[in-house]
Every structure is written in C-alpha cells, then in structure tokens.
1. Can you tell me which condition residue 81 does not meet? The list is (1) hydroxyl-bearing (Ser, Thr, Tyr); (2) out of contact with any Asp or Glu (no Cβ under 9 Å at 6 or more places or on another chain); (3) in a strand (DSSP E or B), and all the others hold.
2. Considering only segment 86-106, how many residues are among the charged types (D, E, K, R), assigned to a helix (DSSP H, G or I) and farther than 14 Å from residue 123 by Cβ?
3. Using the structure shown, decide if residue 67 is crowded, with 16+ Cβ neighbours inside 10 Å, more than 17 Å from the chain's Cα centre (by Cα), farther than 28 Å from residue 172 by Cα and not assigned by TED's automatic domain parsing to the domain that holds residue 157.
4. Please go through segment 77-97 and give me each residue that is among the small types (Gly, Ala, Ser), under 25 Å from residue 118 (Cβ atoms) and surrounded by fewer than 17 Cβ atoms within 10 Å (Cβ to Cβ), ordered by number.
5. Across segment 35-60, which residue is surrounded by the most Cβ atoms within 10 Å (Cβ to Cβ) among those that are more than 21 Å from the chain's Cα centre (by Cα) and in a loop (DSSP other than H, G, I, E, B)?
6. Does at least one position in segment 7-28 carry a residue that is acidic (Asp, Glu), loosely packed, with under 12 Cβ neighbours inside 10 Å and not assigned by TED's automatic domain parsing to the domain that holds residue 160?
7. Of all residues in segment 128-159, which are among the acidic types (Asp, Glu) and within 30 Å of residue 44 (Cα to Cα)?
8. Would you mind stating whether residue 131 is at pLDDT below 90 and outside any helix (DSSP H, G or I)?
Amino acid sequence: MVEKRWYDDACGTAMALELVGERWSLLIVRELMFGGRRFGELKGALNGISANVLTQRLEGMEAAGILQKRKLPPPASVQIYELTRWGYESETAIQELGRWATRSPAHDPSLPLSAASLMLSFRTMLSAERSAGMVARIGFRLGDEVFTTELANSSFQVTRTEPVDADVVFTSTPERSRRTPERARRSRRQTARRFAAHRSTARERWRSRPTATCISPSAKETRSIESTQSGKHSTMSRAQARKDTQAMEARHSWRRSVDPRDLP
C-alpha cells in the first residue's frame with residue numbers, strides 16, 4: 001500500500017508513478033525480470049546505486065506488492081528478491097517505455113548495459129516479421145551471469161539457466177563490470193552535452209521562424225514583428241518585442257486614464 005502520495009490523481013499513469021516512479025525503482029524491476037536476485041547482485045548490476053537507496057526501494061516495492069523476499073533452500077540458504085506475478089506483468093510497460101525513449105536524440109546506445117537489460121532489449125526489439133519461422137536455442141554467458149533463450153514462433157523466451165544443448169553460445173564480459181567512476185562521469189558529461197546541443201538546435205529553429213506577432217493586451221493594436229535582411233526573414237529579438245509590448249501597454253493605459261473633457 002502506498003502511504004505517501006505524490007499526486008492526487010485517479011489516472012492509472014499517476015498510480016504507476018506512485019509505485020515505480022522513484023529513481024532506480026523501474027531498473028530494479030528490470031533486473032528481476034528473469035528471476036530472483038540477491039541484494040549484492042542487484043547492487044552490482046545497478047552502477048551508482050547506494051546500499052541505503054537500494055534497501056529503501058526494495059522495501060517500498062515489497063510493501064506495494066511488486067516484489068517479495070524468499071529464502072532459498074539449503075545448501076544456498078540465502079535471501080533473494082523476486083517479482084510477484086503482478087510485478088512480472090509490468091514487462092510490457094517497460095518494453096513500450098524503452099522503445100519510445102530510444103527515439104530521443106539524447107539516447108546514447110554506446111553506453112554499457114547490464115546482462116538483464118541486454119536480454120530485455122532482445123525481447124523488446126525482436127522483429128516478428130523477420131523471425132517468423134525461425135527456431136533456435138541460444139545461450140549467453142555474460143560474466144558471472146548465464147541465460148538460455150528459446151527463439152520460436154516469433155517469441156524470445158529467456159531463463160537464467162546454464163545453456164545446455166544450445167545451438168550457439170555467446171560469451172562476453174559486460175562493459176559495466178569494467179566501468180570506472182571516471183568513465184561514468186565522462187559518459188554523463190557526454191550525454192549532457194548531447195542533450196544541450198539538441199535543445200540549442202531546437203531553440204535556434206524556434207527563433208528563426210519567419211514571422212512573429214505581438215498583440216497588445218487591449219487587442220486593439222497588432223504589430224507584425226518582421227524585418228528583411230539580405231532577402232531573408234529575421235525575427236526581432238524577444239527583448240525588443242517585450243519592450244514594444246510594454247510601450248503599447250503604457251500608451252493604452254494613458255488613453256484609458258485621460259478624460260477627453262480634460263484635453264485642450
């Protein structure tokens with residue numbers, strides 16, 4: 001049960017943000033999508049999360065019914081976190097959100113991925129048309145994590161099991177395990193610069209519109225702010241437009257405040 005609400009809104013989207021809208025929450029769900037994980041394994045897969053924040057997110061989502069704790073039987077005898085049946089149903093929402101976000105110009109596909117993120121990306125980006133009729137058993141050994149996948153009927157099923165009798169096995173070391181704090185900071189700076197460049201380009205396109213119109217509050221006077229330079233339209237700066245608007249307001253205010261009978 002959500003104790004503290006951020007939004008007084010009955011929309012399901014608002015409720016979804018109440019459940020998994022805090023930082024790291026949705027990524028924790030992503031990491032648990034293919035089976036239970038120990039606390040240390042989750043922390044290792046989520047580069048940059050602190051133990052305190054991870055504990056808070058796990059406790060919050062457990063209280064909300066998204067995940068649960070379970071102790072493995074001997075000889076393991078360790079505690080793991082796993083999604084509930086309702087928690088697993090969030091995969092479709094995560095896939096659609098990821099598919100939408102990758103269209104952002106700020107998205108950097110060269111950044112590292114966790115093993116679970118890679119598997120979920122395969123499931124999300126699989127082309128049903130191109131994979132029609134294909135049947136294959138594919139294994140993955142990504143560092144300490146292993147996966148067995150089944151490609152059949154345009155679906156891609158993933159389990160955290162040792163790939164046995166697989167048609168092909170891919171072996172690699174995830175980039176995340178070799179990522180240093182300095183490389184992480186450099187990646188964040190590069191992403192920030194890319195996003196700033198996109199915003200700057202959008203701002204310049206907005207400023208280079210051929211015509212802008214400034215209307216006074218009285219709606220009695222309209223001025224087209226348009227000038228010509230070398231045969232091209234150029235828009236007057238916003239500062240100049242604001243100055244002209246203030247002058248119009250002052251003129252109309254003076255007209256309203258003067259009684260015609262007082263004029264000579």
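1. (2)
2. At the first step, the residues of segment 86-106 found to be among the charged types (D, E, K, R) are 89, 91, 96, 99, 103.
Imposing the further condition that a residue be assigned to a helix (DSSP H, G or I) reduces the set to 91, 96, 99.
When the remaining residues are screened for being farther than 14 Å from residue 123 by Cβ, the result is none.
Adding up the residues that qualify gives 0.
3. On the way: crowded, with 16+ Cβ neighbours inside 10 Å: yes; more than 17 Å from the chain's Cα centre (by Cα): yes; farther than 28 Å from residue 172 by Cα: yes; not assigned by TED's automatic domain parsing to the domain that holds residue 157: yes.
Considered against the rule, which asks whether it is crowded, with 16+ Cβ neighbours inside 10 Å, more than 17 Å from the chain's Cα centre (by Cα), farther than 28 Å from residue 172 by Cα and not assigned by TED's automatic domain parsing to the domain that holds residue 157, residue 67 comes out as yes.
4. Within segment 77-97, just 93 meets the criteria.
5. In this case the residue turns out to be 36.
6. Yes, that holds for at least one residue.
7. 144, 145, 150
8. Details: at pLDDT below 90: yes; outside any helix (DSSP H, G or I): yes.
Considered against the rule, which asks whether it is at pLDDT below 90 and outside any helix (DSSP H, G or I), residue 131 comes out as yes.
The values are calculated or read from the model by the stated rules, or taken from the named source; none is laboratory data. Please read all numbers here as calculations on a predicted model, not as lab measurements. Every residue, glycine as well, gets a Cβ built from its backbone with ideal geometry; the counts of neighbours run over all protein chains shown.
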